[in-house]
Amino acid sequence: MAMNTSVEEEIVHEYEGFIGWVLNLMVTLGEPGVGVALFIETFFPPMPSEAVLPGAGFLAYDGQMNVWLAILWATIGCLVGAWGFYAIGALLGRERTMWLVEKTPLLEIGDFHKAEKFFERFGGMAVLLGRCVPLVRSFISVPAGIERMPLLKFSLYTVIGSAVWNTIWIGLGFVFGPAIKPILVQWSGLISNIVLVVIALLLLWFVVVRVLKIVRARGAQNTPTA
């Protein structure tokens, strides 16, 4: 217990800001913390796995977690999150899911139709390949649930795609750990601020674009036809 506490204090002391918080979360919870972060990312895309997984690899390089357990727990987190979206599609069905999407602020029915067509075209491969595409990796589970894709097959494709994706990014953090550590020690505060600003700008851009589309669509509906 004392060893874990000293490790956590070292992380907090060495690394500042958002990066320090993410690393501290994973050190505090251990390898399961990587799974928790990936589960959150499924429902909150602004916290991308590309920003979390290399941190787990870096901690593995630094001897503070097992790289294979980190990959395993990251994949479990992805699978549990995918089951959540699969359940929404399976329980609500197509019409009620479409209604839910239409009533949810900042979601577009067009996104639902794109995911649906992608799944119809590629089937199980859409689930597998979609795990490597931001945003798609979350929503591709919905049409899979609507179509009642066999859960075992869905889970297998999700695990394979997620494991490959997680291994790549955790592996990058592990391999480049020697180069990353001195940079994080000196610049973690500045890098954290840059990451937060980028995330905030992307979120703002997403909201503005969606709001403008909604306003234009309502304006078109209210415009009298000749």
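The values are calculated or read from the model by the stated rules, or taken from the named source; none is laboratory data. As the structure is a computational prediction, the values presented were derived from the model and not from experiment. Positions of Cβ are backbone-derived with ideal geometry, glycine not excepted, and every protein chain shown enters the neighbour counts. Quick note on the areas: whole protein, heavy atoms, side chains included, nothing else; ligands and nucleic acids left out. Shrake-Rupley method; radii C 1.70, N 1.55, O 1.52, S 1.80 Å.
A few remarks follow.
- Per-residue extension of 0.36 nm, minus the Cα-Cα distance of N193 and H113, leaves a gain of 25.2 nm for this segment.
- Model label sites at I183 and E102, defined 7 Å from Cα along the beta-carbon direction, differ in position by 4.8 nm.
- Annotation: for a label point projected 7 angstrom from Cα along Cα→Cβ of V164, residues of region 111-130 with backbone N closer than 16 Å are 122-130.
- Listed by chain and number, the lysines whose alpha-carbon sits under 19 Å from that of K213, ignoring those within fewer than 8 places in the same chain, are K103, K114.
- Average silhouette area of region 21-114, convex hull of alpha-carbon atoms, in square nanometres: 6.8 nm²
- A 1.4 Å probe over all protein chains sorts C78, C132 by accessible area into C132, C78, starting with the largest.
- Sequence of Y157, Y61 when ordered by accessible area, the most exposed leading, probe 1.4 angstrom: Y61, Y157
- For region 33-172, convex hull of alpha carbons as volume per residue, Å³: 88 Å³
- Of the accessible area of region 23-153, computed with a 1.4 Å probe over protein heavy atoms only, carbon and sulfur atoms account for 70 percent.
- By accessible area with a 1.4 Å probe, ligands and nucleic acids excluded, highest first: order of L29, L204: L204, L29
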